[in-house]
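S.K.: My questions all concern the structure below.
The values are calculated or read from the model by the stated rules, or taken from the named source; none is laboratory data. Just so it is clear, the structure is predicted and the values come from calculations on it, not from any experiment. Counting neighbours? That spans all protein chains shown, and the Cβs are built from the backbone with ideal geometry, glycine included. To get the accessible areas, we keep the full protein, side chains included, count just its heavy atoms, and leave off ligands, DNA and RNA. Shrake-Rupley method; radii C 1.70, N 1.55, O 1.52, S 1.80 Å.
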Amino acid sequence: MNLIQHFVNGNLSKGDSNRRGKVFNPATGEQTSEVILGSKKDLDNTVLIAKKAFESWSLKPPLQRARVMFKFKELIEKNSDEITKMIVAEHGKVYEDAKGSLTRGLEVVEFACGIPQILKGEFTENVGSEVDSWSIRQPLGVCAGITPFNFPAMVPMWMFPMAIACGNTFILKPSEKDPSCSIKLAELFKESGLPDGVFNVVNGDKEVVDAILVNKDIQAVSFVGSTPIAKYIYENAAKNEKRVQALGGAKNHCVVMPDCDLDQAVNGLMGAAYGSAGERCMAQSVAVAVGGIGDKLVEKLSRKVEALKVGPGMDKNSEMGPLVTKEHLEKVKGYVDLGVKEGAKLVVDGRSLKLQGYEKGFFIGGCLFDDVKKDMRIYNEEIFGPVLSVVRANDFSEATQLVNDHEFGNGVSIFTRDGDAARSFSSKIKVGMVGINIPIPVPMAFHSFGGWKRSLFGDQHMHGPEGVRFYTKLKTVTSRWPSGIRSNPEFVMPTMK
Ligand code: NAD
């Protein structure tokens with residue numbers, strides 16, 4: 001059986017622990033690998049290595065760090081087919097979608113290539129008479145990232161290229177469900193000329209996460225995953241005096257206005273609700289049909305959901321692959337059962353889907369609910385599967401109220417031709433990422449990614465300018481070079497006269 005190890009100090013390592021996790025191919029249902037589940041000792045040893053590596057890496061001129069990034073970018077491009085296949089093999093999503101997610105991660109590396117420009121500070125000549133002042137951003141030290149299963153390449157790449165370009169060293173704890181591509185990325189980074197110990201991967205579960213949270217030499221923790229764990233990370237990292245950004249779950253709404261181009265909205269919703277089998281934090285799981293558009297929307301959606309091509313991720317004809325694990329499949333099916341019990345109308349039922357030759361795969365067909373109500377659990381909780389709920393709203397203000405009342409605030413979109421409605425929506429909506437006639441409004445690498453409310457605990461979003469702020473601390477220097485004149489002691493606050 002293939003064994004997935006840690007990557008520490010530039011080498012694969014078995015570490016100290018005998019515990020193992022199982023990694024499956026979701027399309028066949030077969031176990032393909034074992035992953036080492038690291039111990040506290042493994043994590044603590046890695047922190048010492050990363051701390052030592054920080055001493056020299058943090059002093060490297062940003063231009064030299066950028067050159068390593070440029071090489072890394074080139075190697076990711078060269079190896080993109082292999083990395084993409086790793087994502088498909090362990091996550092299950094379809095090849096082109098997996099490739100797209102890798103590209104979105106690569107774009108963060110491209111942004112990090114500009115680090116010499118980004119890290120230029122601010123300078124004011126003569127803040128006082130013959131006194132100058134400048135602000136610089138310096139790296140923090142050892143940073144850690146804890147990532148979810150649903151984007152095994154992209155989400156880690158929201159974090160470590162930014163942290164490392166800023167001069168930090170990094171320890172990644174990827175999801176134990178699909179850890180292979182983190183190891184591949186670490187090997188490619190080393191090949192790019194990154195010194196040993198700057199980027200490390202420690203595989204594991206709660207034991208490694210808890211070791212991260214209490215280790216005094218880790219300065220900052222970035223987390224992406226479900227809301228209960230995000231809150232746990234936020235509270236405990238902060239308690240242990242670390243900087244923390246913890247991104248959580250989502251329930252993204254798509255507001256479909258009566259004046260919209262309905263075919264465009266339906267196509268947008270299909271990709272956003274069923275792409276990656278709904279296992280995206282920006283997946284749209286609620287369609288809010290405004291005014292009288294509900295019946296037409298449900299009719300058009302149901303035809304398309306029934307026609308969805310579900311199959312293994314490597315099959316070019318597949319539009320949607322399997323779910324990540326058997327447990328997750330059972331959980332999603334359980335939510336569909338619950339929706340029926342709660343009284344929602346199940347218009348398309350994908351629960352009994354079976355694929356010839358892939359009977360043991362973790363497949364479910366697309367599911368569509370109508371008449372979902374605000375007090376139902378299927379409306380309030382994140383399902384994280386290919387299940388779209390249609391909620392009816394009488395008017396625009398009822399629709400926006402629904403979105404604003406929801407506990408999550410990751411992404412949202414509106415389909416309309418009315419500029420006034422769109423402008424008012426983007427201004428008043430309490431959500432971090434907003435799309436206007438855009439179904440999945442994921443910000444590009446040079447903007448920043450993050451939600452509001454219980455979709456993000458912390459102050460800074462990920463990558464882009466906010467990523468630079470998160471992975472650096474600000475220092476402001478005030479300086480003068482007096483020549484000859486000696487001033488007397490001053491006992492009042494200095495101000496400009
Ligand atoms: P998860 O919360 O189960 O796991 C995330 C990470 O936390 C993993 O590395 C896991 O090993 C670790 N972990 C799990 N349980 C833990 C515990 N009890 N104590 C300490 N660590 C623990 O999430 P997942 O199932 O891997 O990913 C899906 C979730 O991630 C969804 O809720 C999705 O919305 C969310 N997500 C959010 C974003 C975002 O940007 N907001 C992006 C991607 C995914």
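S.K.: Would it be correct to say that residue 103 is in contact with a helix residue (DSSP H, G or I) (Cβ under 9 Å, 6 or more places away or on another chain) and open to solvent by 20 Å² or more (accessible area, probe 1.4 Å)?
M.R.: Numbers: in contact with a helix residue (DSSP H, G or I) (Cβ under 9 Å, 6 or more places away or on another chain): yes; open to solvent by 20 Å² or more (accessible area, probe 1.4 Å): yes.
Spelling it out, residue 103 is indeed in contact with a helix residue (DSSP H, G or I) (Cβ under 9 Å, 6 or more places away or on another chain) and open to solvent by 20 Å² or more (accessible area, probe 1.4 Å).
S.K.: Report every pair of residues separated by at least 6 positions or lying on different chains whose Cβ atoms are under 8 Å apart, first residue within segment 45-63 and part of a helix (DSSP H, G or I), second basic (Lys, Arg).
M.R.: 57/65
S.K.: Name the single residue that is nearest to the ligand (Cβ to nearest atom) among those in segment 233-254 being of a type in the set (D, E, K, R) and part of a helix (DSSP H, G or I).
M.R.: If we filter segment 233-254 for residues that are of a type in the set (D, E, K, R), which is where we start, we get 235, 239, 241-243, 251.
Okay, now just the ones that are also part of a helix (DSSP H, G or I), so 235, 239.
Working: 235: 12, 239: 15 Å.
This residue is 235.
S.K.: Among 434, 477, 442, which is assigned to a strand (DSSP E or B), open to solvent by 20 Å² or more (accessible area, probe 1.4 Å) and under 27 Å from residue 228 (Cα atoms)?
M.R.: Numbers: 477 fails: under 27 Å from residue 228 (Cα atoms); 442 fails: assigned to a strand (DSSP E or B).
Going through 434, 477, 442 in turn, the sole match is 434.
S.K.: Which pairs turn up if I take residues in segment 446-457 that are touching a residue at least 60 places away in the same chain (Cβ under 8 Å) and more than 7 Å from the ligand (Cβ to nearest atom) and look for partners that are acidic (Asp, Glu) and open to solvent by less than 90 Å² (accessible area, probe 1.4 Å) with beta carbon separation below 6 Å, at least 6 apart in sequence or on another chain?
M.R.: Filtered contacts from segment 446-457: 454/407.
S.K.: Restricting to segment 127-150, count the residues that are modelled with pLDDT of 95 or more and either loosely packed, with under 15 Cβ neighbours inside 10 Å or more than 16 Å from the ligand (Cβ to nearest atom) (or both). Working first, answer last.
M.R.: In the first step, residues of segment 127-150 are kept if they are modelled with pLDDT of 95 or more; the result is 132-150.
Pick out the ones that are also either loosely packed, with under 15 Cβ neighbours inside 10 Å or more than 16 Å from the ligand (Cβ to nearest atom) (or both) and you get 132-142.
Residues meeting the conditions: 11.
S.K.: If you take the residues of segment 275-291 that are polar (S, T, N, Q) and in a strand (DSSP E or B), which of them is nearest to the ligand (Cβ to nearest atom)? Working first, answer last.
M.R.: Pass one, segment 275-291, residues polar (S, T, N, Q): 276, 284-285.
Keeping just the survivors that are in a strand (DSSP E or B) gives 284-285.
Working: 284: 12, 285: 10 Å.
Top of the filtered list is 285.
S.K.: How many residues does segment 156-199 hold that are on the phi < 0 side of the Ramachandran plot, not hydroxyl-bearing (Ser, Thr, Tyr) and not in a helix (DSSP H, G or I)? If you could, list the steps in order and put the result at the bottom.
M.R.: Of segment 156-199, the ones on the phi < 0 side of the Ramachandran plot are 156-166, 168-192, 194-196, 198-199.
Now drop any that are not not hydroxyl-bearing (Ser, Thr, Tyr), which leaves 156-166, 168, 170-174, 176-179, 181, 183-191, 194-196, 198-199.
Okay, now just the ones that are also not in a helix (DSSP H, G or I), so 166, 168, 170-174, 176-179, 194-196, 198-199.
Number satisfying all stated conditions: 16.
S.K.: Can I ask one more? Give the residue that is nearest to residue 429 (Cα to Cα), with candidates limited to residues of segment 448-496 that are touching a strand residue (DSSP E or B) at 6+ places or on another chain (Cβ under 9 Å) and among the basic types (Lys, Arg).
M.R.: 453
S.K.: Another question, then. Return the pairs, sorted by first residue and then second, in which the second residue is assigned to a helix (DSSP H, G or I) and acidic (Asp, Glu), the first residue lies in segment 80-100 and is farther than 16 Å from residue 33 by Cβ, the beta carbons are less than 9 Å apart, and the residues are 6+ apart or on different chains.
M.R.: Every condition considered, the pairs that remain are 84/96; 99/81.
S.K.: Still on this structure: crowded, with 24+ Cβ neighbours inside 10 Å, more than 23 Å from residue 320 (Cβ to Cβ) and within 16 Å of the ligand (Cβ to nearest atom): does that describe residue 412? Steps first, answer last, please.
M.R.: Working: crowded, with 24+ Cβ neighbours inside 10 Å: yes; more than 23 Å from residue 320 (Cβ to Cβ): no; within 16 Å of the ligand (Cβ to nearest atom): yes.
So residue 412 does not fit the description; no.
S.K.: Identify all residues within segment 6-43 that are outside any strand (DSSP E or B) and open to solvent by 40 Å² or more (accessible area, probe 1.4 Å); write none if there are none.
M.R.: If the condition is that a residue be outside any strand (DSSP E or B) and open to solvent by 40 Å² or more (accessible area, probe 1.4 Å), then 9, 14, 15, 16, 18, 19, 28, 40, 41 are the ones that fit.
S.K.: Report, ordered by the first and then the second residue, all pairs with beta carbons closer than 7 Å, sequence separation of six or more or different chains, a first member in segment 356-385 that is on the phi > 0 side of the Ramachandran plot, and a second member that is open to solvent by less than 10 Å² (accessible area, probe 1.4 Å) and not hydrophobic (A, V, I, L, M, F, W, C).
M.R.: 384/278; 384/279
S.K.: Which one is surrounded by the most Cβ atoms within 10 Å (Cβ to Cβ), of the residues in segment 209-232 that are more than 10 Å from the ligand (Cβ to nearest atom), outside any helix (DSSP H, G or I) and small (Gly, Ala, Ser)? First the steps, then the outcome.
M.R.: Start the filter on segment 209-232 by keeping residues that are more than 10 Å from the ligand (Cβ to nearest atom), which leaves 211, 214-222, 231.
Keeping just the survivors that are outside any helix (DSSP H, G or I) gives 215-222.
Subset that is small (Gly, Ala, Ser): 220, 222.
On the way: 220: 25, 222: 31.
Among those residues, the one meeting the criterion is 222.
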